[in-house]
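For reference, the structure is listed below as structure tokens.
The values are calculated or read from the model by the stated rules, or taken from the named source; none is laboratory data. A quick note: this is a predicted structure, and the numbers were derived from the prediction, not measured. Ideal geometry is used to build each Cβ from the backbone, glycine not excepted, and the neighbour counts take in all protein chains shown.
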Amino acid sequence: MTAVYHVEQIRTLESMGATQVGQPLMQLAGQAVADWVRSHVPTGQRILCVAGQGNNGGDALVAARLLKQAGYQIDMLFLGQVATLPPDAQRAWQDWQATGQPCLTALPSPAPSYRIVIDGLFGIGLNRPLDAGWMAWVDQLNLLAAPKLALDVPSGLCAKTGAVLGRAVHAKWTMTFIGLKPGLLTHDGPDHAGEIIMAPLGLDAHTLLAPAGRALHGADVAGLLAPRLRNSHKGLFGSVGVIGGAAGMVGAALLAGRAALKLGAGRVTLGLLDPDAPRVDHLQPELMLRHAEDLFHLAHLTCLAVGPGLGKSADAVHALDLALRTPLPLVLDADALNLIADKPDLANQLATRQGTTVLTPHPAEAGRLLGWQTAAVQADRLQAATALAEHFGADLVLKGCGSICMSCQGEWCINTSGNPGLASGGQGDVLAGVVAALLGQGLSGFDAVQLAVYLHGAAADKLVTEGLGPVGLTASEIIDAARAVLRGLTKRG
Ligand SMILES: NC(=O)C1=CN([C@@H]2O[C@H](COP(=O)(O)OP(=O)(O)OC[C@H]3O[C@@H](n4cnc5c(N)ncnc54)[C@H](OP(=O)(O)O)[C@@H]3O)[C@@H](O)[C@H]2O)[C@@H](O)CC1
Ligand SMILES: Nc1ncnc2c1ncn2[C@@H]1O[C@H](COP(=O)(O)OP(=O)(O)O)[C@@H](O)[C@H]1O
Ligand SMILES: [K+]
């Protein structure tokens, strides 16, 4: 379990920790940076250290001094005002001055060939969008060919939300202090942070403060599904129904159904809305294809996924209404969510239903459900996911880069698997089918959503590692890869 802390909690930890470790944390931060650089960059190389006007800049100043002492050529670009530096950073500036080395206020022209750039412009103190002047600095840094090591957070990235506030440094690595921040993991965070290196600064944050959330890794979901007994039968693994597949969108329901089947559901029946829908899936003849209404007459169903290719017809509304009235665990995706956003009576039914419900909105669907613009959802994904869970009392995933899994109780984690290979039509249908398969196998809503989201992303990562995609990865390919990843995550019997 990798803990994630809100920025305010990091501030609390900072004040608790200063007494615990008995040294200024900035010294430890600078030391951690210098140690990392020394183990990755040969001594004597030229390094650019950039410091801004807060304690993030102080970290860079400490690191610069230690690296200078260790024999590196350091260009120290200081973009703060000495008079207004916070006390620890002020001390770091004085210590740098004592080395007799200059502080640059502009990049040398032409820019030297640096081995690495250390970015200490802004950290968790960034509190508003960068103005044109600061954006120009970030642009200049990004234009340098050298890889960037961001301190704590890539400058310009909001540590809370992962939104770029005007412009942000594209780091190859981010050394983050004390604990992970949500913004490193979701939205624009992963693209800007690169590889994350944790520097706890001698603090055992966990023992000081309960984290707000977690980063979701394979280890967190390994073993959620128990190994199957030899004396098993299909009735033990759920009978999943998928409702959707209106005219022109039958494929969406097929994808969800195939995913449910290959991720272990005992039986899968599709309830298709298209009156001319095929009666058999020739690629996956194990699937049972029926009309949507028929599903409500099947006594054996243990779980329903509603939405893939559902459309918004009167028949779709009727089917959704019936589904919400069943006590079955439900997965609601795509147009099921859009209909709920449109129709207050359906929304009310959802908010008051007793059974397990898992919502799988992408940001636009989440925005419709909340009455927010999509951009507002993306501007604070964690807040949007929290608001959805509170409003509907459902477990959910807010999809996209760094998908947020949120329980109906407000427990959350941010997924670390996945890549842009998933940004293509049909991938959400597959995810809905995987969630349904796992609900059918008896997992709780929140466990099912975490395992499904992790598997879905890890399947895409597996394919990319094997040389497929990310451009052109198809949802169909993800299904088989997810099955293979699940095998590795299931407890051995
Ligand atoms: N917490 C910890 O445990 C530890 C923290 N440490 C380090 O401290 C960092 C946090 O330091 P910090 O609070 O001084 O904030 P930081 O990110 O340097 O920048 C704030 C400065 O920028 C300014 N400013 C803000 N937005 C702006 C904008 N858009 N455009 C222009 N200016 C803007 C803001 O000024 P304002 O104008 O808001 O008064 C302020 O001057 C943290 O990330 C980590 O690196 C480590 O030393 C050890 C452990
Ligand atoms: N850049 C990305 N990184 C990680 N996961 C992604 C990315 N883009 C899309 N995904 C995932 O792919 C799926 C796409 O779902 P959705 O947008 O509903 O697709 P569709 O409606 O076409 O089936 C979601 O699970 C989402 O989290
Ligand atoms: K930074």
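Could you tell me which residue of segment 188-204 is surrounded by the fewest Cβ atoms within 10 Å (Cβ to Cβ), considering only residues that are of a type outside the set (A, V, I, L, M) and under 14 Å from residue 3 (Cβ atoms)? Among them, the one singled out is 204.
Pairs linking a residue in segment 395-413 that is in the same structural domain as residue 182 (by TED's automatic domain parsing) to a residue that is more than 14 Å from ligand 2 (Cβ to nearest atom), with Cβ atoms under 9 Å and 6 or more positions apart or on different chains, do not occur. From the list 115, 91, the lone residue that is within 16 Å of ligand 1 (Cβ to nearest atom), crowded, with 16+ Cβ neighbours inside 10 Å and of a type in the set (D, E, K, R) is 91. For the subset of segment 219-231 comprising residues that are of a type outside the set (Val, Ile, Thr) and surrounded by 16 or more Cβ atoms within 10 Å (Cβ to Cβ), which member is nearest to the chain's Cα centre (by Cα)? Once the filter is applied, the top-ranked residue is 220. Consider segment 100-144 and keep the residues that are in contact with a strand residue (DSSP E or B) (Cβ under 9 Å, 6 or more places away or on another chain) and of a type in the set (Ser, Thr, Tyr). The one that is farthest from ligand 2 (Cβ to nearest atom) is 105. Filtering segment 424-479 to residues that are touching a strand residue (DSSP E or B) at 6+ places or on another chain (Cβ under 6 Å) and among the polar types (S, T, N, Q) leaves only 450.
Matching residues to (1) surrounded by fewer than 23 Cβ atoms within 10 Å (Cβ to Cβ); (2) in contact (Cβ under 8 Å) with a residue 24 or more places away in the chain:
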site: 26; (1), (2): no, yes
site: 31; (1), (2): yes, yes
site: 35; (1), (2): yes, no
site: 46; (1), (2): yes, yes
site: 50; (1), (2): no, yes
site: 53; (1), (2): yes, yes
site: 56; (1), (2): no, yes
site: 59; (1), (2): no, yes
site: 63; (1), (2): no, yes
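Of the residues 215, 253, the single one that is out of contact with any Ser or Thr (no Cβ under 9 Å at 6 or more places or on another chain) and either modelled with pLDDT of 95 or more or in a helix (DSSP H, G or I) (or both) is 253. Listed conditions (1) assigned to a strand (DSSP E or B); (2) of a type in the set (Val, Ile, Thr); (3) surrounded by fewer than 16 Cβ atoms within 10 Å (Cβ to Cβ) are all met by residue 207, apart from (1).
For every residue, the table says whether it meets (1) in the same structural domain as residue 366 (by TED's automatic domain parsing); (2) on the phi > 0 side of the Ramachandran plot; (3) buried (at least 16 other Cβ atoms within 10 Å of the Cβ); (4) touching a helix residue (DSSP H, G or I) at 6+ places or on another chain (Cβ under 7 Å).
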position: 270; (1), (2), (3), (4): yes, no, yes, yes
position: 283; (1), (2), (3), (4): yes, no, no, no
position: 286; (1), (2), (3), (4): yes, no, no, yes
position: 298; (1), (2), (3), (4): yes, no, no, no
position: 316; (1), (2), (3), (4): yes, no, yes, yes
position: 324; (1), (2), (3), (4): yes, no, yes, yes
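If a residue has to be polar (S, T, N, Q) and over 22 Å from residue 136 (Cα atoms) to count, how many in segment 85-125 make the cut? Residues in segment 85-125 being polar (S, T, N, Q) and over 22 Å from residue 136 (Cα atoms): 5 in total.
Taken over segment 133-184, the criterion of being within 11 Å of ligand 1 (Cβ to nearest atom), among the small types (Gly, Ala, Ser) and more than 22 Å from residue 377 (Cβ to Cβ) is satisfied by 133, 150, 155, 179. Between 355, 311, the distinction of being outside any strand (DSSP E or B) and either among the acidic types (Asp, Glu) or farther than 26 Å from residue 443 by Cα (or both) belongs to 311 only. Could we say that residue 203 is away from ligand 3 (no atom under 16 Å from the Cβ), touching a residue at least 24 places away in the same chain (Cβ under 8 Å) and within 29 Å of residue 65 (Cα to Cα) here? Yes. Looking only at residues of segment 1-58 that are in contact with a helix residue (DSSP H, G or I) (Cβ under 8 Å, 6 or more places away or on another chain) and charged (D, E, K, R), we find that the one that is farthest from ligand 1 (Cβ to nearest atom) is 38.
Annotation note: of 346, 337, the sole residue that is assigned to a helix (DSSP H, G or I) and in contact with a Pro (Cβ under 8 Å, 6 or more places away or on another chain) is 337. Scanning segment 318-334 for residues that are within 17 Å of residue 351 (Cβ to Cβ) and part of a helix (DSSP H, G or I) gives 320, 321, 323, 324, 325. The C-beta contact set for segment 143-156 (first residue under 13 Å from residue 120 (Cβ atoms) and near ligand 3 (Cβ under 6 Å from one of its atoms), second residue among the basic types (Lys, Arg) and not in a strand (DSSP E or B), distance under 9 angstrom, 6+ apart or interchain) comprises 150/172; 152/181; 153/181; 155/167. The number of residues in segment 379-391 that are in contact with a helix residue (DSSP H, G or I) (Cβ under 8 Å, 6 or more places away or on another chain), free of Cβ contacts under 8 Å to residues at least 24 places away in the same chain and crowded, with 21+ Cβ neighbours inside 10 Å comes to 1. Would you confirm whether any residue within segment 457-479 is within 24 Å of residue 387 (Cβ to Cβ) and modelled with pLDDT of 95 or more? Yes, there is a match, as at least one residue in segment 457-479 is within 24 Å of residue 387 (Cβ to Cβ) and modelled with pLDDT of 95 or more.
Residues checked against (1) within 16 Å of ligand 1 (Cβ to nearest atom); (2) surrounded by fewer than 22 Cβ atoms within 10 Å (Cβ to Cβ); (3) on the phi > 0 side of the Ramachandran plot:
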| site | (1), (2), (3) |
| --- | --- |
| 393 | no, yes, yes |
| 404 | no, no, no |
| 409 | no, yes, no |
| 414 | no, no, no |
| 424 | no, yes, no |
| 430 | no, no, no |
